[in-house]
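Read through the structure below, which is laid out as structure tokens, and then see the notes.
Read-outs throughout are calculated quantities, based only on the coordinates presented, and are distinct from any laboratory measurement. What you see is a predicted model; the values in this text were computed from it and never measured. Neighbour counts run over all protein chains shown; Cβ positions are idealised from the backbone, glycine included.
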Amino acid sequence: MDDKTHFDTVKGNGGETHQQVPEKGPHTPDGHLTTNQGIRVSDNQNSLKSGARGPSLLEDFILREKIFHFDHERIPERIVHARGSGAHGYFELTQSLSDVTTADLFQRVGEKVPVFTRFSTVAGGAGSVDTPRDVRGFAVKFYTQEGNWDLVGNNIPVFFIQDAIKFPDLVHSVKMEANSGYPQAGSAHDTFWDFASLMPETTHMLMWAMSDRTIPRSLRTIEGFGVHTFRFINAKGQSTFVKFHWKPKLGLQSTVWEEALKLQSADNDYHRRDLYEAIDTGNFPEWELGVQLFDQAFADSLPYDVLDATKLIPEETLPIKIIGRMVLDRNPDNFFAETEQVAYCPANIVPGIDFSNDPLLQGRLFSYLDTQKSRLGTANFHQLPINAPKCPVMNFQRDGMMQMNVPKGRANYEPNSLAEFGEPGGPRECPVTGFKTDAGRADQDEQGDKLRVRAELFADHYSQARLFWISQTESEQAHIASSFVFELSKVGLAPVRERMLGNLRNVTDELAKRVADGMNMPLPDKAKAARAPFDLPASDALSIQKNLKPTLKGRAVGILIADGTDAALLKQVKTSVTDAGGKAVIIAPKVGGAKLSDGKLMAADAQLQGAPSALFDAIFVCLSDDGCKALMTEGAAIQFVMDAFGHLKAIGHTPQSHPLLDKAGVVHDDGVVFAEHFIDKAAQRFFEREPNVRTLA
Ligand code: HDD
């Protein structure tokens with residue numbers, strides 16, 4: 001028999017079924033199908049019945065086991081960050097930090113540590129979309145030789161609240177509303193803004209959340225931040241404060257809001273697919289790890305508190321030192337086993353790293369361990385392959401549901417003297433290399449009466465929000481103001497909108513006024529600030545547009561073809577895109593392709609109806625006179641061009657494509673070019689075009 005797949009019908013005891021199964025060939029099975037007890041299954045198509053048309057029999061243990069297991073396949077989704085995508089990779093040290101920390105992974109330049117990284121949205125459920133306006137989680141598990149270290153951060157360097165006791169309120173307010181179950185995956189609704197407007201400490205984070213940071217183009221183009229101040233501890237027991245930063249090698253890149261919305265309809269899994277495909281095709285995403293290091297005297301000199309998670313330290317005030325890189329180079333083999341079951345916990349730290357007294361961090365140290373028990377069902381979740389450390393784990397913790405280990409001997413307590421009698425005595429504590437908590441600063445700020453209070457500088461809720469505002473480009477400011485207008489316009493409770501405007505007046509009257517105008521509302525009185533805001537110098541590092549990388553690397557160009565497309569030109573455009581590191585995607589009205597000028601059929605990568613231009617970073621309209629004529633009445637083609645223009649992307653085109661561009665309302669600005677200038681332009685966005693295509697606040 002040859003190696004082609006042959007099909008036959010499967011015959012059951014009583015009759016004939018209609019499935020086609022391969023008899024022999026490339027799709028033949030790897031082994032015999034068995035039950036979970038290892039019993040070989042002879043028929044996976046028919047349940048056991050009393051006669052061909054009779055009832056199914058309870059005796060059918062194969063059916064019962066299969067359905068039983070299926071019924072229990074789902075576990076509770078994460079209470080926040082439910083939707084996520086993960087990948088394996090490694091962290092490589094490029095600069096030793098041995099002077100400030102004993103942490104093993106920061107000692108020897110060139111050494112690699114395996115990691116598993118999970119990116120997520122916050123508010124939506126596990127099955128929600130990838131591109132809502134939302135903060136992105138950025139969680140990295142380092143499997144070090146000294147145990148697991150989890151850096152559980154976000155793509156924004158500050159947080160909504162200062163104290164963990166407010167976290168359940170924050171999350172309840174932003175998730176779908178309790179009575180109606182909507183909206184899913186979005187903050188544009190009453191309860192979130194009601195809470196936010198009553199909690200001025202959210203203001204700084206709201207500025208970030210309303211900026212383009214929360215509508216990233218790709219997970220590969222986001223920054224990551226540890227947010228809190230942590231501590232490094234060196235061999236002498238000295239402590240240095242540290243803040244962690246991830247910098248994407250591809251640079252920062254975001255979408256425009258309308259594009260993000262259109263991506264949702266084009267592809268719910270846009271970010272997940274982008275990450276998976278990039279890794280699958282060898283375009284491994286990479287980030288640099290940077291640290292801001294400082295001592296107590298520096299912390300004391302700042303006009304804000306480094307223990308307050310609503311504050312950042314601008315890079316211009318304290319430069320970031322790049323000390324390593326993370327490369328994600330392997331997709332999970334199984335989404336559930338790895339991405340879903342991975343259990344991060346900020347309390348997982350290694351010797352040489354320690355916590356600070358940040359009250360938000362302190363609360364997190366409890367929450368994550370606790371939530372994993374409810375999500376994964378047992379205190380033994382650390383034994384799952386994705387969570388298990390890659391160094392020896394030895395202790396006297398025993399038993400519990402789903403215990404996978406089989407410890408030998410009697411030693412399950414410590415101290416014991418069993419070794420003296422020739423029995424294994426088990427591990428002992430290690431005073432020298434074991435984890436030791438840093439004593440911290442022993443002054444009255446940190447050791448005082450038991451009080452439910454916040455430190456004084458925490459009361460400044462607006463200075464850094466203002467810093468963020470003045471650090472943005474004009475276009476970014478317009479996006480922020482417009483997002484406030486969009487979100488607050490979805491708030492039905494008018495007094496909430498007003499209260500929010502009162503808060504924004506403390507950031508800057510300019511912003512408050514633009515938002516008020518955008519809603520056609522009068523500007524209310526300024527909210528009373530708990531502490532008067534002050535001015536900080538602008539920080540360019542806080543802007544995306546000031547830090548864009550004009551590169552096609554990692555980006556996709558959609559090339560629209562139709563019958564008659566110039567074969568030579570198409571080849572040239574395609575080659576120049578791939579030579580510049582981009583991905584060229586051929587789009588045609590029919591997936592089978594189009595007949596080019598040389599008479600050959602060029603297969604398409606995607607059909608026009610299913611490949612809107614929101615999916616691409618730039619487009620090239622590669623049509624002949626006839627091709628253009630044929631597409632003049634094709635809505636999807638007009639929309640393809642119109643959206644690329646509206647989303648501020650470069651549009652390359654043939655002269656013959658002009659009529660289609662005109663019909664789509666394209667104005668021939670700097671970003672609309674013929675083939676010879678296309679590659680330079682394709683790596684850019686044309687923000688100056690925006691006032692001509694939409695009204696911004
Ligand atoms: Fe959290 C998940 C990031 C504050 C409680 N958080 C979670 C994840 C990320 C963050 C990235 C998803 C991890 C994954 O991929 O599995 N969280 C943050 C950051 C915060 C923060 C950057 C502030 C700086 N979180 C925070 C507070 C609390 C929590 C204050 C509770 C007191 N977070 C949780 C949680 C989650 C979680 C409920 C849900 C699922 C999980 O932990 O594993 O425990």
Fill in the blank from the handout: Loop-resident GluC sites (Glu not before Pro) in the stretch 241-346 with no more than 16 other Cβ atoms inside 10 Å, DSSP not H/G/I/E/B, are GLU315, GLU316
Handout entry: Length released on extending from VAL591 to LYS321, taking residue separation times 0.36 nm less the Cα-Cα span
Key = 92.3 nm
Fill in the blank from the handout: To the nearest 0.05, the calculated FRET efficiency linking TYR182 and ALA419 through their beta-carbon distance, R0 being 60 Å, is 0.45
Fill in the blank from the handout: Between the modelled labels at ASP190 and GLU429 (7 Å from Cα along Cα→Cβ) the distance in nm is 5.5
Practice task
Quick one: net charge around SER120, please, counting Lys, Arg +1 and Asp, Glu -1 for every other residue with C-beta under 13 Å from its C-beta.
Solution key: +1
Practice task
Describe numerically, in nm with one decimal, the distance between label points set 7 Å from Cα along Cα→Cβ at GLN37 and at LYS236.
Solution key: 6.7
Practice task
Give, as a single signed number, the net charge of other residues whose beta carbon lies under 13 Å from the beta carbon of ASN331, with Lys and Arg counted +1 and Asp and Glu -1.
Solution key: -2
Practice task
Compute the signed sum of charges (Lys and Arg +1, Asp and Glu -1) over the other residues within less than 12 Å, Cβ to Cβ, of LEU250.
Solution key: +2
Practice task
Note down the magnitude of the dipole of the stretch 503-629 about its Cα centre, charges +1 on Lys and Arg C-beta and -1 on Asp and Glu C-beta and zero elsewhere, to the nearest 20 debye.
Solution key: 400
Exercise for the section: Could you tell me which of rounded, prolate or oblate describes the stretch 197-252, using a ≥ b ≥ c as the square roots of the eigenvalues of the alpha-carbon gyration tensor, with rounded for a/c under 1.5 and, failing that, prolate when a/b is larger than b/c and oblate otherwise? Expected result: oblate
Practice task
Post the alpha-carbon centroid distance, the stretch 542-571 to the stretch 602-642, in whole angstrom.
Solution key: 14
Exercise for the section: Straight distance only, please: which lysines reach the Cα of LYS490 with their own Cα at less than 17 Å, same-chain residues fewer than 8 apart left out? Expected result: LYS175
Practice task
Using the structure shown, select from LYS549/LYS574; LYS450/LYS526; LYS249/LYS436 the pairs with a Cα to Cα distance greater than 24 angstrom.
Solution key: LYS450/LYS526; LYS249/LYS436
Completion exercise
So for the stretch 550-693, using the alpha carbon gyration tensor with a ≥ b ≥ c as root eigenvalues (a/c under 1.5 gives rounded; past that, a/b versus b/c decides prolate or oblate), I'd call it oblate
Exercise for the section: Return TYR182, TYR462 ranked ascending by Cβ neighbour count within 10 Å, so the fewest neighbours appear first. Expected result: TYR182, TYR462
Exercise for the section: Give the order of MET401, MET602 when sorted by the count of other beta carbons within 10 angstrom, beginning with the fewest. Expected result: MET401, MET602
Exercise for the section: Run the quick spin-label model on GLN572 and GLU111: label points 7 Å from Cα toward the beta carbon, then report their separation in nm to one decimal. Expected result: 5.4
Exercise for the section: Give the distance, in whole Å, between the Cα centre of the stretch 171-200 and the Cα centre of the stretch 285-329. Expected result: 31
Exercise for the section: Can you figure out the FRET efficiency of GLU73 with LYS546, using R₀ = 41 Å and their beta-carbon distance, to the nearest 0.05? Expected result: 0.30
Handout entry: Residues in the stretch 191-223 reached by a label modelled at LYS490 [backbone nitrogen below 16 Å; 7 Å Cα→Cβ]
Key = 191-197, 206-207, 209-216
Practice task
In vacuum, with every alpha carbon of the stretch 296-394 counted as one equal point scatterer, what does the Debye formula give for log10 I(q)/I(0) at q = 0.13, 0.16, 0.23, 0.24 Å⁻¹? Two decimals, please.
Solution key: -0.72, -0.97, -1.29, -1.33
Handout entry: Sparse-neighbour loop sites [chymotrypsin sites (Phe, Trp or Tyr not before Pro); the stretch 360-434; at most 16 other C-beta within 10 Å; DSSP]
Key = PHE396, TYR413
Fill in the blank from the handout: In whole Å, largest first, the alpha carbons of the chain cover along the principal axes 86, 79, 53
Practice task
Please name which of ALA337, THR310, PHE534 has its Cα lying farthest along the dipole of the chain towards the positive end, using unit charges on Cβ (Lys, Arg +1; Asp, Glu -1) and the Cα centre as origin.
Solution key: ALA337
Exercise for the section: Please name which of VAL585, LEU596, ASN692 has its Cα lying farthest along the dipole of the stretch 550-693 towards the positive end, using unit charges on Cβ (Lys, Arg +1; Asp, Glu -1) and the Cα centre as origin. Expected result: VAL585
Handout entry: the stretch 163-279: C-alpha gyration tensor shape, a/c 1.5 cut-off, then a/b vs b/c
Key = oblate
Completion exercise
Sparse-neighbourhood loop hits (GluC sites (Glu not before Pro), the stretch 392-463; DSSP loop; Cβ within 10 Å at most 13 others) -> GLU429, GLU446
Completion exercise
One computes Rg over Rh for the stretch 462-546 from alpha-carbon atoms, with the Kirkwood Rh, and obtains 0.98
